[in-house]
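**Student:** Could you have a look at this structure, given as structure tokens, before my questions?
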Amino acid sequence: MVLRSQLVLASQSTERISLLQQVGLQPDMLYPTDINRNPSKKETASSLAKRLSKTKSEIAIESLKKLGYTGKFYILSADTVVSVGSRILPQTEVLDEAARYLRLLSGRAHRVYTGLTLYTPKKTFRHKLVETRIGFKKLSDNEFNNYLISGEWQGQAGGYSIQGIAGAFVIKLTGSYSNVVGLPLYETCSLLIGEGYPIQSNWRVMNHKLNNHEKS
């Protein structure tokens, strides 16, 4: 039996892990990376997403080498960036930031970019950039204030989580929903399949487990 190469996710995001599990993928290893997410001067949101994704992958590769891992890996990394016009809205950590970003998003369209990087067992890099356009409703004072009170904005790019309360603010979405959550599934699976990772074999395992559960 030929053992498949291991899948490493360069993240500990619960959202990204859940999305991978949704399509039958369970990372063999999580390797979160701590990087400076600040954009450089005049850097666009799309360029930032691509750069951060690649940086995460490169750090994970070097760290695994230093730890003595010599096996073959697929290392998947992603970074999601929100922008309104040319303004990048980073992850929100304090209430004033969240309020400022929410005012910007209210009644306007914005874009969500995710940069994907896949490092392959052949020691090559594959990259994709995915864009989703979103329109928010004009928020009432009650919606604005109560959303801030909810605290859901904490640690979220752009100050919101589409799979949470803020899903009620979305009046239009063009593109990938999973991209906004943090990992565009179609593009992720396409990258892995294109490089020989056996995604479909996991689907057979899922079906076997389901049938056994129904019989028990």
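All of the numbers you see were taken from the coordinates with simple rules; none came from a lab. Owing to the predicted nature of the structure, the values given are computational and were not obtained by experimental measurement. Neighbour counts run over all protein chains shown; Cβ positions are idealised from the backbone, glycine included.
**Student:** In region 104-148, which residue that is of a type in the set (Phe, Trp, Tyr) and within 28 Å of residue 168 (Cβ to Cβ) is farthest from the chain's Cα centre (by Cα)? Even if it seems obvious, please write down each step before you answer.
**Tutor:** Kept after step one, since they are of a type in the set (Phe, Trp, Tyr), are these residues of region 104-148: 113, 119, 125, 136, 144, 147.
If we keep only those that are within 28 Å of residue 168 (Cβ to Cβ) as well, we get 113, 136, 144, 147.
Values: 113: 9, 136: 20, 144: 26, 147: 23 Å.
Taking the candidates together, the pick is 144.
**Student:** Could you please find all residues in region 18-52 being assigned to a loop (DSSP other than H, G, I, E, B), hydroxyl-bearing (Ser, Thr, Tyr) and surrounded by 13 or more Cβ atoms within 10 Å (Cβ to Cβ)?
**Tutor:** Passing the criteria: 31, 33, 44.
**Student:** Between residues in region 150-168 that are over 19 Å from residue 93 (Cβ atoms) and residues that are surrounded by fewer than 23 Cβ atoms within 10 Å (Cβ to Cβ) and not aromatic (Phe, Trp, Tyr), which pairs lie under 6 Å by C-beta distance while being six or more apart or on different chains?
**Tutor:** 163/181
**Student:** Give the number of residues within region 48-76 that are among the charged types (D, E, K, R) and touching a strand residue (DSSP E or B) at 6+ places or on another chain (Cβ under 6 Å). Before the answer, list the steps.
**Tutor:** Initial filter on region 48-76 (among the charged types (D, E, K, R)): 50-51, 54, 56, 58, 62, 65-66, 72.
If we keep only those that are touching a strand residue (DSSP E or B) at 6+ places or on another chain (Cβ under 6 Å) too, we end up with 50, 54, 56.
Here the count works out to 3.
**Student:** Can you tell me how many residues in region 69-89 are out of contact with any helix residue (DSSP H, G or I) (no Cβ under 8 Å at 6 or more places or on another chain) and closer than 21 Å to residue 34 by Cβ?
**Tutor:** Of the residues in that region, 1 qualify.
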